[in-house]
1. Using alpha carbons only, what's the Rg to Rh ratio of segment 160-236 with Rh from Kirkwood?
2. Using a Förster radius of 35 Å, what is the FRET efficiency between residue 173 and residue 147 based on their Cβ-Cβ separation? Nearest 0.05, please.
3. Can you tell me which lysines have their Cα less than 19 Å from the Cα of residue 54? Leave out same-chain residues fewer than eight positions away.
4. Over the chain, what is the relative contact order in percent, taking alpha-carbon pairs closer than 8 angstrom and at least six residues apart?
5. Of 86, 141, 9, which is farthest on the positive side of the dipole of segment 1-145, counting Cα position, with +1 on Lys and Arg Cβ, -1 on Asp and Glu Cβ, and the Cα centre as origin?
6. Compute the separation of the alpha-carbon centres of segment 205-220 and segment 114-183 and state it in Å as a whole number.
7. Can you give the Rg to Rh ratio of segment 90-203, both from alpha-carbon atoms, with Rh computed by the Kirkwood formula?
8. In debye, nearest 20: dipole of the chain around its Cα centre with unit charges on the Cβ of K, R (+) and D, E (-)?
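Coordinate-derived values only; no laboratory data. Bear in mind the structure is a predicted one, so any value in this text is a computation, not a measurement. Every residue, glycine among them, receives a Cβ derived from its backbone with ideal geometry; neighbour counts consider all protein chains shown.
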Amino acid sequence: MQRFDAPEILDSDACLPHDAQDVLAVLGRINRWFGGVTTTQRMVNRVAQVAATKRLSLLEVAAGSGELPEIVRQRLDQCGIALDLTLLDIERCHLPGGDRVGSHGARKRSVVGDALALPFADGAFDLVSCNLFAHHLDPQQLKQFGREAVRISRRAVLINDLVRHPLHLALAYAGYPLMRNRIAWLDGLTSVRRAYTPNEIQSILETAFSPATAPQVEIARHYLYRMGVIVWKTQD
């Protein structure tokens, strides 16, 4: 199955703000039900174990409402791991309002910015994470994002995304009754078609850097055609 890159309705001017919120709500259900939350949670937990730390700062890129990292934060809090969250999205209307302080003093704030030119200093966060974002980027954009994310991370970049596969596309076609939203359903079909395979994304990320500075890329498959990609900046 060849990758077919096409724009999604959510990313276009045709998607009005109230429609965007409805689509983001559907994506939230998909993340909760079909492995999205668990994939990010496992990656953050792995980094915490490798780094032997109980507190991490995390920038969520293309965060939307920020529901997924917030659920991950709550779950990890129960295990004694505190996440300081910063949510970044190119659209202010996608982001929740106001900065917040959670349990264990963990913080959450929202920032408007471009994922390909992240408005932060080198090493600003322990982790830079994204969910269902990488497939929106062509290979050159994905390389640029990888370089930017590695630049501002201290420990690792976490990419949670779909795996392109014919059976996955068939499941997406059959998923309309679960979504109950035509825009989300059509965008879901497009997302599967433009998603990468694990081998493709590994090659793209590894070739984004010179051989001397190339980070280690670790990829694991998760429930229902999800993959979790950890781009290690350092392993203590």
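1. Working: Rg = 15.4 Å, Rh = 14.0 Å.
Ratio value, two decimals: 1.10.
2. It comes out at approximately 0.50.
3. 108, 233
4. Values: 435 pairs, mean separation 53.0, N = 236.
It rounds to 22 percent for the chain.
5. Farthest towards the positive pole: 86.
6. Each part's Cα centre sits 16 Å from the other's.
7. Across segment 90-203, the Cα-based Rg/Rh ratio is 1.02.
8. Around 720 debye, computed over the chain.
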